[in-house]
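The next block holds one structure in the form of structure tokens; read it before the comments.
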Amino acid sequence: MKNSKVVIISAAFLMACLIGLLPSNASAAPSFQMPFPCDQKWEGQTRTNHSPPNSVDLNRTNDEGDTVVASASGTIETVKDLGNTSYGKYIVINHGGGWKTYYAHLSKFSVSQGKSINPGQKIGEVGNTGGSSGAHLHYEQRYNGTPQKIKWNGSQIYYWGIKTYTSKNNCGGESKPIPKPKPTPAPSADAIGVMNNRGDTDTVTITGLKSGDIAKVYNFAKGDDLLGKGTTSDKGKTSVPITLDPDGGTIYVSVTSGKNSESSRTAKSYEEEPKPTPAPSADTIRVTNNREDKDTVTVTGLKPGDVVKAYNAAKGNNLLSKGTASDKGTISVPLSLDPAGGAVYITVTSGKNLESSRTAKPYEGENDILRVTPVNGYIEGTMTDVVITYNPKDILALGSVVFHLPDGFSATTNDKLNGIPLKSGQISDNGKTVTMPLSIDLLDLAEFKLELSSKKLPTEEIYTFNAENKPLVGIGSKFSGTAKLAVIKAQMEKSITK
């Protein structure tokens, strides 16, 4: 029995000695914390193909340049830059007992080799150096050179996958807390310019900033309602493209500068987007076609400061003249009109509004030799009688009178010349020419009137009419006249001022 007890005691003693010689990771490991300041939230990713095994990559939004701190107390063993390969800029802290932590892909070092370090003390900043494909912190815990499964605050992190962690590093005041970023000063409302353009191409411009400042534009004073953001240029200015309310409103602008946090939001009201000025009524437009190019267009019913423009056609860059309305809301614009007649096209631009559409205003020629008058107005497609009156203005003329009609107009035997129905022999050139075989004009008394009955006005255009007298040989002189008729679109007014 004694021998048996001795054997048992000897075996137990030997086992205890062997256990004492084996390493114990749990007892030797420091109380590691996350490598970030207290209460910061970071997303950690572990994966089976990570090199080396058991390491973790840590990310959060806009993390490049964020502070990296020591996981536990120790000595800075390595501060090294591998360039564009592997860890890039990295630090190794020796915590004693075979334990070390690795911090890789840093953008900046804040410590030097051989320095003693406390938990929560800054050692560098997050970067994208070495073989990294995006800013993050690569972190390892090694025991005797072998990467271990990571523990923070006594708990092992999640393997394998992604999980969000909150740092408890230095929350108990083991060392001087790292101060929280201060808010960026809010931008002045005077430094904010808003352009509410037609359509969706609006912009907000902020000046007086620092290069790299980030400006954000929100739709409300609070909440996640971002409309757009931009980064300030070297000139201290940024323009943010956004879409604003066409009817006007208020935006809210913040600025984030450097390591500071986002500022409070500054309110900036803006006006409605420019709208076309209402087009002037034809009844408010009066055209005076004088002799010798001293013509005028007068527009009434305006606001003081309204800008009036007169064009030569319904479309295109064919400006004849422009002027600004007086305090009485009236403007007379000098211009040069066609002596034979035609139409002017008038626009108005009021205040910050856009230029109006063009209102057509037909006018007659400046003399009475040949006149063309559509009885029922000037709108295309209208059924109307068209009266063409010719005064040769000759002292003595004996011979024929010939009317020449433009395309879009033609005479038939239903029409009249001086009140008498036309005969087929007086009509030629497919109705484009009408001839009165024998006429006399003595002392400028004769008047020849061609009446085209129930004609449909052709499409919008300026049409040219001609008439001439062909005297007998040696009796009187040859004379002619030209008149223009402006046919306008249906949306235009029918009125005309002579």
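Values computed for the structure shown
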quantity: Qualifying residue in the stretch 280-294 (condition: touching a Lys or Arg at 6+ places or on another chain (Cβ under 7 Å), farther than 30 Å from residue 66 by Cα and at pLDDT below 90); calculated: no
quantity: Given (1) among the small types (Gly, Ala, Ser); (2) modelled with pLDDT of 95 or more; (3) within 30 Å of residue 203 (Cα to Cα), number of the condition residue 310 does not satisfy; calculated: (3)
quantity: Some residue of the stretch 342-364 being free of Cβ contacts under 8 Å to residues at least 60 places away in the same chain and touching a Leu at 6+ places or on another chain (Cβ under 8 Å); calculated: yes
quantity: Residue list for the stretch 266-293, filter: exposed (fewer than 15 other Cβ atoms within 10 Å of the Cβ) and in contact with an Asp or Glu (Cβ under 6 Å, 6 or more places away or on another chain); calculated: 272, 291
quantity: Identity of the residue in the stretch 208-220, out of contact with any Leu (no Cβ under 6 Å at 6 or more places or on another chain) and either aliphatic (A, V, I, L, M) or open to solvent by 60 Å² or more (accessible area, probe 1.4 Å) (or both), that ends up farthest from residue 256 (Cα to Cα); calculated: 220
quantity: Within the stretch 452-474, considering residues that are open to solvent by 60 Å² or more (accessible area, probe 1.4 Å) and more than 30 Å from residue 312 (Cβ to Cβ), the one modelled with the highest pLDDT; calculated: 454
quantity: Search result, residues across the stretch 417-436 that are loosely packed, with under 10 Cβ neighbours inside 10 Å and in a helix (DSSP H, G or I); calculated: 424, 425
quantity: Out of 85, 61, 46, sole residue that is closer than 20 Å to residue 161 by Cβ, loosely packed, with under 15 Cβ neighbours inside 10 Å and under 49 Å from the mean Cα position of the chain (by Cα); calculated: 61
quantity: Conditions (1) touching a strand residue (DSSP E or B) at 6+ places or on another chain (Cβ under 9 Å); (2) open to solvent by 50 Å² or more (accessible area, probe 1.4 Å): number failed by residue 256; calculated: (2)
quantity: Qualifying residues in the stretch 338-361 (those that are of a type in the set (Ser, Thr, Tyr) and part of a loop (DSSP other than H, G, I, E, B)) - the one most open to solvent (accessible area, probe 1.4 Å); calculated: 357
quantity: Every pair of residues 6+ apart whose Cβ atoms lie under 6 Å, when the first sits in the stretch 398-413 and is aromatic (Phe, Trp, Tyr) while the second is open to solvent by less than 10 Å² (accessible area, probe 1.4 Å); calculated: 403/434; 403/450; 403/467
quantity: Within the stretch 317-337, considering residues that are assigned to a strand (DSSP E or B) and touching a Pro at 6+ places or on another chain (Cβ under 9 Å), the one surrounded by the most Cβ atoms within 10 Å (Cβ to Cβ); calculated: 323
quantity: Test: residue in the stretch 221-234 that is under 14 Å from residue 186 (Cα atoms), touching a strand residue (DSSP E or B) at 6+ places or on another chain (Cβ under 6 Å) and touching a residue at least 24 places away in the same chain (Cβ under 8 Å); calculated: yes
quantity: Test: residue in the stretch 129-136 that is more than 20 Å from residue 49 (Cβ to Cβ), buried (at least 17 other Cβ atoms within 10 Å of the Cβ), touching a residue at least 24 places away in the same chain (Cβ under 8 Å) and not acidic (Asp, Glu); calculated: yes
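The values are calculated or read from the model by the stated rules, or taken from the named source; none is laboratory data. Predicted model only: the values in this text are computed from it and were never measured. Please note: Cβ atoms are built from the backbone with ideal geometry, for glycine as well, and neighbour counts cover all protein chains shown. When the accessible area is computed, the model is the full protein with side chains, heavy atoms only, and any ligands, DNA or RNA have been set aside. Shrake-Rupley method; radii C 1.70, N 1.55, O 1.52, S 1.80 Å.
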